[in-house]
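Below is one structure, written out as structure tokens, with a few remarks after it.
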């Protein structure tokens, strides 16, 4: 990929072997390491580190001061808020090399992770989930779930447009922005067909 297919600020460091999609923007003091993949149209804020083998889908927004470590994958349209943190080893020790024990974390399409949240490795986040600012995720987050706190606890459901869903007695909710209808059945949220 030629440099003209994406923008990189002059202070950014891009290692050979990084796969950077068309239209990506990489801002001040960010480090893009070898063998990572950044999808087209993504925006990488200031002071971001993307480690080897990380995969970011299309249109991923990475805000300032985020480190994305080996073992993390994000689908299209993920939002990573300022200074949020991924981990990749469950029991790190400076004197013990555990690079062969990295746990994987997958963030589903359209999910948002708020500022200063921490995602403990090995805990996947479902599509369109919403992780509140400062939350510490210690378990799987279902699709469309709204989670907050330390440790994280689910307090509701969110629409694809990022609005809290209020379900009626028949298990239906309407997003106030999109008008789309969502169904809650057996603890799972889906979007109603045809809307």
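So if I check each of 171, 179, 149, 187, which one is touching a strand residue (DSSP E or B) at 6+ places or on another chain (Cβ under 6 Å), surrounded by fewer than 16 Cβ atoms within 10 Å (Cβ to Cβ) and at positive phi?
The match here is 171.
What's the number of the condition residue 192 fails, among (1) surrounded by 12 or more Cβ atoms within 10 Å (Cβ to Cβ); (2) within 23 Å of residue 114 (Cβ to Cβ); (3) touching a residue at least 12 places away in the same chain (Cβ under 8 Å); (4) more than 14 Å from the chain's Cα centre (by Cα)?
(2)
Determine whether residue 99 is at pLDDT 95 or above and closer than 16 Å to residue 52 by Cα.
no
Could you identify the single residue in 9, 31 that is modelled with pLDDT of 95 or more, over 22 Å from the mean Cα position of the chain (by Cα), surrounded by 13 or more Cβ atoms within 10 Å (Cβ to Cβ) and more than 23 Å from residue 77 (Cβ to Cβ)? Quick ask: steps written out before the conclusion?
Numbers: 31 fails: over 22 Å from the mean Cα position of the chain (by Cα).
Just a single option satisfies the conditions, and that option is 9.
The values are calculated or read from the model by the stated rules, or taken from the named source; none is laboratory data. Computed from a predicted model, the values in this text were never measured in an experiment. So basically every Cβ, Gly included, is an ideal-geometry build from the backbone, and we count neighbours across all protein chains shown.
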